Amino acid sequence: SQELEQSPQSLIVQEGKNLTINCTSSKTLYGLYWYKQKYGEGLIFLMMLQKGGEEKSHEKITAKLDEKKQQSSLHITASQPSHAGIYLCGAEKTSYDKVIFGPGTSLSVIP
Amino acid sequence: DTGVSQDPRHKITKRGQNVTFRCDPISEHNRLYWYRQTLGQGPEFLTYFQNEAQLEKSRLLSDRFSAERPKGSFSTLEIQRTEQGDSAMYLCASSPRGGARGTGEEVDYGYTFGSGTRLTVV
């Protein structure tokens, strides 16, 4: 069973638009990961957040972790077709525990 | 070392047959994980190793599943008497885990995943 929820389940945006994907847990997390997956392929690591209130950016993607460490958001600025894929959040409940994953958010970017 | 390798990429088998998958992690990574992913779902944890020791196995994993990492390097995942419900993508990942985070012993860059083995049971 999934302990992490993601919203929306799927998203279709026009190229150039901004978008946000959310990941929510009912329990405080130790570490929060964001991955991207192309259909039929493995997962690509994007970012890891550990501290409450932490924010990290890589190119046009920004991820934030709330102060309670129960919710994270992934924001893409000026989306491009290359951003299309499935975005997965993953979380550890304790230090160096296994990562459990949310159900994913499917993103399509229309040129 | 170019990353995590999984073999085969695709496997089609008849119900009731046994199958074995192989994962070669990044050589300096001491932790190795197996996940299973079905269409439209996130990866589901199966088991993980630290070096050759299997530290945890999911309760969802039936006795038909077994994993080994005999020398702390590559790992194999075997499914006996396959069922149609076993059809999924099987993902392997590795990570350089060991010291306590925040002590400066290592920097966490997340798991490195392989491309997966897609199993179809007919």
message: Can you say whether A:THR62 is touching a His at 6+ places or on another chain (Cβ under 6 Å), in a strand (DSSP E or B) and at pLDDT 95 or above, as far as the supplied structure shows?
response: yes
Matching residues, region A:6-29, being modelled with pLDDT under 95 and either exposed (fewer than 15 other Cβ atoms within 10 Å of the Cβ) or within 23 Å of B:MET89 (Cα to Cα) (or both): A:SER26, A:LYS27, A:THR28
task: Look at region B:49-86 and say how many of its residues are of a type outside the set (Lys, Arg), closer than 13 Å to B:TYR35 by Cα and within 14 Å of another protein chain (Cβ to nearest Cβ).
output: 6
query: Where in region B:1-102 are there strands (runs of 3 or more DSSP E), lying fully within it, with 3 or more residues that are modelled with pLDDT of 90 or more and among the small types (Gly, Ala, Ser)?
result: B:88-95
Residues satisfying the stated conditions in region A:1-34, i.e. among the polar types (S, T, N, Q) and either part of a loop (DSSP other than H, G, I, E, B) or touching a helix residue (DSSP H, G or I) at 6+ places or on another chain (Cβ under 9 Å) (or both): A:SER1, A:GLN2, A:GLN9, A:ASN18, A:SER26, A:THR28
- line: All conditions in (1) assigned to a loop (DSSP other than H, G, I, E, B); (2) out of contact with any Gly (no Cβ under 8 Å at 6 or more places or on another chain) are true of A:LYS69 except (2)
task: Only residues that are on the phi < 0 side of the Ramachandran plot, part of a loop (DSSP other than H, G, I, E, B) and in contact with a Lys or Arg (Cβ under 7 Å, 6 or more places away or on another chain): list them for region A:72-92, please.
output: A:THR77, A:SER79
- line: A:MET48 passes all but one of the listed conditions (1) within 11 Å of chain B (Cβ to nearest Cβ); (2) more than 25 Å from B:TRP34 (Cα to Cα); (3) within 12 Å of the chain's Cα centre (by Cα); (4) not acidic (Asp, Glu); the exception is number (2)
message: Looking at region A:72-105 only, could you name the residues that are touching a residue at least 60 places away in the same chain (Cβ under 8 Å), away from chain B (no Cβ under 12 Å) and among the hydrophobic types (A, V, I, L, M, F, W, C)?
response: A:ALA78
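The values are calculated or read from the model by the stated rules, or taken from the named source; none is laboratory data. This is a predicted model, so every value here is computed, not measured. Virtual Cβ from ideal backbone geometry, glycine too; neighbours counted across all protein chains shown.
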